[in-house]
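Visitor: Just dropping this structure here.
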Amino acid sequence: AQSVTQLGSHVSVSEGALVLLRCNYSSSVPPYLFWYVQYPNQGLQLLLKYTTGATLVKGINGFEAEFKKSETSFHLTKPSAHMSDAAEYFCAVKWPGAQKLVFGQGTRLTINP
Amino acid sequence: EAGVAQSPRYKIIEKRQSVAFWCNPISGHATLYWYQQILGQGPKLLIQFQNNGVVDDSQLPKDRFSAERLKGVDSTLKIQPAKLEDSAVYLCASSSAGGGGGFGEQYFGPGTRLTVT
């Protein structure tokens, strides 16, 4: 079955440090890829997406992600963490021809002062 | 533009009771989704509507869950009777694009947190 795996349910970094959240998917067919952020008691907000074209995608709040087909990965990065980045982050995949988004289990990002 | 609206925001019920959630999507969005998000997990699609027709309800527990989208605008999700394992956040999302594998960005509401005791 097609699946999405986020490595690490909880990531903790210091303010100003690099943020790296990992996402891998299981498929040889390149899907559409998304990262969503969820702040406490709020819905999901789209950070960035990859559909076609340039494999390095820039999103909101200084985040970016790179689609690597050979590694079936779409890791999310931010060069310098800010306290306001503390939230839950979800990777999601939509396979061509499929109707729905499939979400990973989420990674909770904690920022230490 | 106004976002996806959901109500209530919080609901506490006892097991075997019934509950209903309401969602009003972004104006003009043809596609509406209901997700269940259990604590510590990613959202799981329960049902997808295209206008007022069901596109995918393969993961909807139809013995206790039902959903409708009359007139192709707002939608109601009902659970009857509720079980302890139904405790979760129920998210509604909408998008302007349809299915067929094309890309349609989904916009999410704030969710309804259901606690079943």
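The values are calculated or read from the model by the stated rules, or taken from the named source; none is laboratory data. Since the structure is predicted, the reported quantities are computational estimates derived from the model, not experimental observations. Methodologically, a virtual Cβ is constructed for each residue, glycine included, from the backbone with ideal geometry; neighbour enumeration extends over all protein chains shown. Each accessible area value is taken on the protein alone, full model and side chains, heavy atoms only, with ligands, DNA and RNA left out. Shrake-Rupley method; radii C 1.70, N 1.55, O 1.52, S 1.80 Å.
Visitor: Across chain B, how many lysine pairs, 8 or more positions apart or on different chains, have C-alpha atoms separated by under 24 Å? Please give the number.
Guide: Close lysine pairs under the 24 Å cut-off: 14.
Visitor: Same structure, new question: Give me the net charge of A:Y89's neighbourhood, meaning all other residues with Cβ under 15 Å from the Cβ of A:Y89; Lys, Arg count +1, Asp, Glu -1. It would help to have the intermediate numbers written out before the result.
Guide: Working: positive: A:R22, A:K49, A:K78, A:R108; negative: A:E64, A:D85, A:E88.
Summing Lys and Arg as +1 and Asp and Glu as -1 gives +1.
Visitor: If you take the accessible area of A alone, add that of B alone, and subtract the area of the pair, what total do you get in Å², probe 1.4 Å, to the nearest 100?
Guide: On the way: alone 6070 and 6410 Å², together 10680 Å².
Buried area (both sides, nearest 100 Å²): 1800 Å².
Visitor: Please state the charge dipole magnitude for chain B, taken about the Cα centre, from unit charges on C-beta atoms (+1 on K and R, -1 on D and E), reported in debye and rounded to the nearest 20.
Guide: On the way: 12 positive and 10 negative charges, 80 e Å.
So the dipole magnitude of chain B works out to roughly 380 debye.
Visitor: Follow-up. How much accessible surface does A:V11 have with a 1.4 Å probe, in Å² rounded to 10?
Guide: 30
Visitor: Got a sec to turn the phi values of segment B:70-82 into Karplus ³J(HN,Hα) couplings, 6.51 cos²θ - 1.76 cosθ + 1.60 with θ = phi - 60°, whole Hz, x for Gly and Pro?
Guide: 5, 6, x, 10, 7, 9, 10, 10, 10, 10, 7, x, 7
Visitor: With a 1.4 Å probe and every protein chain left in place, work out the accessible area per residue of the protein assembly as shown in Å², rounded to a whole number.
Guide: Details: 10680 Å² over 230 residues.
Here the per-residue accessible area is 46 Å².
Visitor: In percent, how large is the relative contact order of chain B, given Cα pairs closer than 8 Å and 6 or more residues apart? Show your work: numbers first, answer last.
Guide: Details: 297 pairs, mean separation 42.4, N = 117.
Relative contact order here is 36 percent.
Visitor: Below 8 Å between Cα atoms, with a sequence gap of 6+, how large is the relative contact order for segment A:26-71 in percent? If you can, show how the numbers build up before the last one.
Guide: Values: 57 pairs, mean separation 12.4, N = 46.
It comes to 27 percent, rounded to a whole number.
Visitor: Could I ask something else about it? Could you check what % of the DSSP bridge pairs in chain B are antiparallel, to the nearest 5?
Guide: Numbers: 33 of 37 bridges.
Once the DSSP bridges in chain B are tallied, antiparallel ones form about 90 percent.
Visitor: Right, something else. Given A:L46, A:L101, A:L7, which one lies farthest toward the positive end of the charge dipole of chain A, if we put +1 on the Cβ of every Lys and Arg and -1 on the Cβ of every Asp and Glu?
Guide: With unit charges placed on the Cβ atoms, the residue in question is A:L101.
Visitor: Separation between the A:S12 and B:S27 pseudo-spin-labels, each 7 Å from Cα along Cα→Cβ, expressed in nm?
Guide: Rounded to a tenth, the inter-label distance reads 4.7 nm.
Visitor: With both bridge residues required to lie in the protein assembly as shown, what share of the DSSP beta bridges run antiparallel, to the nearest 5%?
Guide: Details: 65 of 74 bridges.
Taking every DSSP beta bridge with both residues in the protein assembly as shown, the antiparallel ones total about 90 percent.
Visitor: Let me ask something else about it. So between B:K15 and B:K62, what do we pick up on full extension, going 0.36 nm a residue minus the alpha carbon distance? Kindly include the intermediate steps, with their values, before the conclusion.
Guide: On the way: separation 47, 0.36 × 47 = 16.92 nm, distance 1.72 nm.
So the extension gain works out to 15.2 nm.
Visitor: What is the percent carbon and sulfur in the accessible area of segment B:14-61, measuring with a 1.4 Å probe over the protein chains and ignoring ligands? Could the numbers behind the result be given before it?
Guide: Numbers: 950 of 2210 Å².
So the carbon and sulfur contribution to the accessible surface is 43 percent.
Visitor: Run the Debye formula on the Cα coordinates of the protein assembly as shown, all scatterers equal and no solvent, and tell me log10 I(q)/I(0) at q = 0.16 1/Å.
Guide: Taking Cα atoms of the protein assembly as shown as identical point scatterers yields -1.14.
Visitor: Quick one: putting +1 on the C-beta of Lys and Arg, -1 on the C-beta of Asp and Glu, what dipole do you get for chain A around its Cα centre, in Debye to the nearest 20? Could you put the intermediate results ahead of the total?
Guide: Details: 9 positive and 6 negative charges, 63 e Å.
Around 300 debye, computed over chain A.
Visitor: Run the accessible area of chain A with a 1.4 Å probe and give the carbon-and-sulfur part as a rounded percent. Intermediate values should be presented prior to the final figure.
Guide: Working: 2700 of 5180 Å².
Percent of accessible area from carbon and sulfur atoms in chain A: 52.
Visitor: Return the distance in nm (one decimal) between the two label points of a simple spin-label model at B:S96 and A:I60, each offset 7 Å from Cα along Cα→Cβ.
Guide: 1.6
Visitor: I want the local charge near A:T55. Using Cβ-Cβ distances under 14 Å, sum +1 for each Lys or Arg and -1 for each Asp or Glu among the other residues.
Guide: On the way: positive: A:K49, A:K58, A:K68, A:K69; negative: A:E64, A:E66, A:E71.
It works out to a net charge of +1.
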